[in-house]
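These notes are about the structure you will find just below.
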Amino acid sequence: MASGCASDTVQRGFLPGYEDGEVTNQTARITSLWTGSWIAALIVGIITWGLMLWCVAAYRKRKDDHRLPVQTRYHLPLEIMYTAVPIVMVLVLFYYTDRDMSAIQDTDREADLTIQVIGKQWSWDFNYVDDDVYESGQHLANVGDTMTEDATIDGAPGTAAALPTLYLPVGETVRFELQSRDVIHSFWIPAFLYKQDMIPHRTNEFVVTTEREGVYAGKCAELCGEHHSGMLFNVEVVDRAEYDAQMEALREKGQEGQIPVEGFSRLQDPNPVTASTEGEH
């Protein structure tokens, strides 16, 4: 048991991860909050189960004892403890959660590039704001036929060549601007250990620094309609040279400009930059 608990998988609380490095600059913070919360919950559980079992054993009915146990109607110190202890536990958990969430969602940090992500039923559009190019995904008609082991990219689970791909340069800070074209979606890259809702007529943002090259799966984490299960995408974290090459490839395909969010432009800009209708799906 001791050797099993020492494994990297257990130490990160069975969260997605890799032994050769952290995926983002927030990986350690999120993992610490997750595992710390479970350790605290386990301690409380052990104490609670221990008290329950102790009461079952110590106060069980004896064979030769037919008296009714003492009935205690009020026990003020015990009732105060029952109230105070949960309050203290919640406050401690709230403190650490607020501390870490404030750091994770610190949108005042400077970013090297901005990517606008647009959720739609049932795919994704990616506007590379600084490079003035875009990628547009189309509804995945048949998930079962597309998401096969042979179709994965570099063997990464949950990826497929037919899905839209979001490219990110490694070692650079990315600002994500999340918007929805129709209903509530949720932008989730499991390997990043973080997700955020995409709400119509509202822009949600977060900033993250990528630290590990690789291919990762992305998906919608909010039940958004009939074909929610097919709202998938790939994420490729590559070096700067490869990232620039992918941006140039988008230009060569004629995908220059920015895809607008219908009726809601980037950060409520009254003069949005539009793209050709070729990118609308």
Based solely on its DSSP helices, what 222 nm [θ] is calculated for the chain when runs of n ≥ 4 H residues each add -39,500 (n - 2.57) and the sum is averaged over all residues, nearest 500 deg cm²/dmol?
-10000 deg cm²/dmol
Convert each backbone phi in the range 127-143 into a coupling constant with the Karplus relation 6.51 cos²θ - 1.76 cosθ + 1.60 (shift: θ = phi - 60°), then list the ³J(HN,Hα) values in order as whole Hz, x for Gly and Pro.
9, 8, 4, 5, 9, 6, 9, 8, 10, 10, x, 10, 4, 7, 5, 9, 5
Per-peptide average of other Cβ atoms within 10 Å, ordering 103-109, 126-132 highest first:
126-132, 103-109
Segments 214-220, 110-116 sorted - mean Cβ within 10 Å per residue, highest first
214-220, 110-116
If amide H atoms are built 1.01 Å from N in the plane of the peptide, which residues on other chains or at least 5 residues away come under 5 Å of the amide H of Gln26?
Thr209
Distant-in-sequence amide H partners of Asp130 (H built 1.01 Å from N, under 5 Å):
Thr114
Which whole-number percent gives the relative contact order of the range 16-155, counting Cα pairs below 8 Å spaced six or more residues apart?
13 percent
For the chain, set up a Gaussian network in which alpha carbons nearer than 10 Å are linked by springs, and say which option among Ile87, Ile199, Ile184 fluctuates the most.
Ile87
Compare Trp188, Trp54, Trp122 in a GNM of the chain, Cα atoms joined below 10 Å, and give the one with the largest fluctuation.
Trp54
Compute, for His66, the solvent-accessible surface of its heavy atoms (probe 1.4 Å) with the complete set of protein chains present, and express it in square angstrom to the nearest 10.
150 Å²
How many angstrom lie between the C-alpha centres of the range 16-50 and the range 100-119?
23 Å
Restricting to lysines and to Cα separations under 19 Å from Lys195, and discarding same-chain partners fewer than 8 apart, the set is Lys120, Lys219
Testing the spin-label approximation: label points 7 Å from Cα along Cα→Cβ at Asp154 and His201. State their distance in nm.
4.2 nm
With no solvent and one point on each alpha carbon, what is the Debye value of log10 I(q)/I(0) for the range 85-168 at q = 0.12, 0.15, 0.17, 0.19 Å⁻¹?
-0.64, -0.79, -0.86, -0.92
Computed from the coordinates I sent, Rg and Dmax of the Cα atoms in Å equals one of [x] 17.8, 54; [y] 25.2, 91; [z] 19.2, 64. Tell me the label.
[y]
Can you list the lysines whose alpha carbon sits under 20 Å from that of Lys61, skipping same-chain ones fewer than 8 residues off?
none
Excluding ligands, DNA and RNA, what is the solvent-accessible area per residue of the chain at a probe of 1.4 Å, expressed in Å²?
59 Å²
Using the beta-carbon distance between Val90 and Asp145 and R0 = 45 Å, what value does 1/(1 + (r/R0)^6) give for FRET efficiency, to the nearest 0.05?
0.40
If you stretched the chain out fully between Val56 and Thr209, how much longer would it get, using 0.36 nm times the residue separation minus the C-alpha to C-alpha distance?
49.8 nm
For the range 78-159, what is the relative contact order in percent, using Cα pairs closer than 8 Å and at least 6 residues apart in sequence?
14 percent
For the chain, with all protein chains present and a 1.4 Å probe, just round the carbon and sulfur fraction of the accessible area to a whole percent.
58 percent
Considering Cα pairs under 8 angstrom that are at least six residues apart, work out the relative contact order of the chain and quote it in whole percent.
20 percent
Out of residues 5 or more away from Arg202 or on other chains, whose amide H comes under 5 Å of its own, with H placed 1.01 Å from N in the peptide plane?
Ser180
So for the pair Ile46, Lys63, with labels modelled 7 Å out along Cα→Cβ, what separation do we get in nm?
3.6 nm
Can you run phi through the Karplus equation (6.51, -1.76, 1.60; θ = phi - 60°) for the range 54-68 and list ³J(HN,Hα) in whole Hz, with x for Gly and Pro?
4, 5, 4, 7, 6, 10, 5, 6, 7, 5, 9, 10, 10, 7, 6
Give, in nm to one decimal, the length gained when the segment between Tyr82 and Asp182 is fully stretched (0.36 nm per residue of separation minus the Cα-Cα distance).
31.4 nm
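The values are calculated or read from the model by the stated rules, or taken from the named source; none is laboratory data. Computed from a prediction, not measured in an experiment: that's the story for all the values here. Using ideal geometry, Cβ is built from the backbone for each residue, glycine included, and neighbour counts are taken over all protein chains shown. Side chains are part of the model used for accessible areas, which takes the heavy atoms of the whole protein and leaves out ligands, DNA and RNA. Shrake-Rupley method; radii C 1.70, N 1.55, O 1.52, S 1.80 Å.
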